1. How charged is the neighbourhood of residue A:130? Take every other residue with its Cβ under 14 Å from the Cβ of residue A:130, and add Lys/Arg as +1 and Asp/Glu as -1.
2. At 1.4 Å probe size, put B:177, B:140 in order of accessible surface, largest to smallest.
3. Quick check: at a probe of 1.4 Å, how many percent of the accessible area of the stretch B:19-114 sits on carbon and sulfur atoms?
4. Given +1 on the Cβ of Lys and Arg, -1 on the Cβ of Asp and Glu, and no further charges, what dipole in debye does the protein assembly as shown carry about its Cα centre, rounded to the nearest 20?
5. What is the diffusion coefficient of the stretch A:38-176 in µm²/s, taking the Kirkwood radius over Cα pairs and the Stokes-Einstein relation at 20 °C with a viscosity of 1.002 mPa s?
6. Under a 10 Å cutoff between Cα atoms, tell me which one of B:179, B:150, B:110 has the largest fluctuation in the Gaussian network model of chain B.
7. All other residues with a Cβ under 11 Å from the Cβ of residue B:89 taken together, and with Lys, Arg as +1 and Asp, Glu as -1, what is their net charge?
8. With each run of n ≥ 4 DSSP H residues scored as -39500 (n - 2.57), what mean residue ellipticity at 222 nm is computed for chain B after dividing by its residue count and rounding to the nearest 500 deg cm²/dmol?
Number of protein chains: 2
Amino acid sequence: VPQLPEPLERLVQELSRLPGIGPKTAQRLAFHLLRVDRARAAALATAIEDVKARIGYCERCYNIAEGPLCSICSSPRRDPSVLCVVESAFDVLAIERAAEFSGLYFVLHGVISPIDGIGPEQIHVQQLLDRVRDEGIGEVIVATDADIEGEATALYLQRALSPLGATVTRPAHGLPVGGDLEYADELTLARAMAGRRTF
Amino acid sequence: VPQLPEPLERLVQELSRLPGIGPKTAQRLAFHLLRVDRARAAALATAIEDVKARIGYCERCYNIAEGPLCSICSSPRRDPSVLCVVESAFDVLAIERAAEFSGLYFVLHGVISPIDGIGPEQIHVQQLLDRVRDEGIGEVIVATDADIEGEATALYLQRALSPLGATVTRPAHGLPVGGDLEYADELTLARAMAGRRTF
């Protein structure tokens, strides 16, 4: 087996740890970084260090934040009476991109999954309940994924939130806009038919 | 458009500059780096910096090297009478992995491509010719890619090297070992038929 110089081998190893980056891609990326000029490579290294040094989680909603509160929680233009519960900070970004929701968020950083040892405590359910009660939130949209764990978590949250008097909703599931009906999977199509509405 | 905190946005930008990493993948990688523990992220940042600080090119063959000479040029076990000319340091790695070649290398870092303004000077052809003459090299294997530029470069090198008395060869092209004949492309199959050998 040919030996790479130690620093290059180490870079390949570190890149291989990234999700979706196999050994071949890691090698290609390492050789690319070897070729680019030093300022470019330094910019990437610094960006990684800066993210770790300067980004944390919002103490109110657990979204990513530069400081104690995230940009959404600290905005005066958001409606504090509606809370959207999501699995990850990534989901916040997706919903913000859709520009339809103007309330606040609560990021679970996971879903209930007994097999993986993740229960309600691991995803801060008590903090969510406290917040809904203390802030008198009127509606909680449970926007966990439409997979088994996501649905089970949604059901759990619905049961825990209902006694607090808040309306608990879930985003609509159905055919994607602009999508061909014939290409929809059976579950999506079944949901779309069951959830049909009048014009 | 939702705003990411500045350091995270900058990391997404820097990751997007890597080859084969689109904006979505860059975002996924950036969020991953945000989640991993600080030592892990620091290890990647340091590996990038170390590669730039400690790895350069071999002054004899232009392969990657930690120091003035690469590990191949500084090995006493390599045969200095055979030289393999390749397009990139990546190709050196591939040939070393095959463990069939025990000579030395010359890395062109490119191919002749008039459209891209790359002529013989840009790929160090004069240094190659000087080396073959000065070191009395007996055989030069021109292992550039089997595409148009690689073939044109091989032909150019063959003409330039022949007057120096060295045997100029090219790796065999044909069916991949273990490959199904019916899946081979036409050019490869044509090469395999034309280059057929007796048992």
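The values are calculated or read from the model by the stated rules, or taken from the named source; none is laboratory data. The structure presented is a predicted model; accordingly, all values stated were derived computationally and were not measured. Using ideal geometry, Cβ is built from the backbone for each residue, glycine included, and neighbour counts are taken over all protein chains shown. The protein model used for the area step is the full one, side chains on, heavy atoms only, and it has no ligands, DNA or RNA in it. Shrake-Rupley method; radii C 1.70, N 1.55, O 1.52, S 1.80 Å.
1. On the way: positive: A:60, A:131, A:133; negative: A:59, A:121, A:134, A:135.
Result for the neighbourhood of residue A:130: -1.
2. Numbers: B:177 155, B:140 0 Å².
Sorted by accessible area, descending: B:177, B:140.
3. Numbers: 2410 of 4340 Å².
That fraction is 55 percent.
4. Numbers: 40 positive and 54 negative charges, 86 e Å.
Here the size comes out at about 420 debye.
5. Values: Rh = 16.2 Å.
So the translational diffusion coefficient is about 133 µm²/s.
6. Fluctuation is largest for B:179.
7. Values: positive: A:35; negative: B:87, B:91, B:96.
Neighbourhood net charge equals -2.
8. Values: 7 runs with 84 residues, N = 199.
Helices in chain B give a 222 nm mean residue ellipticity of -13000 deg cm²/dmol.
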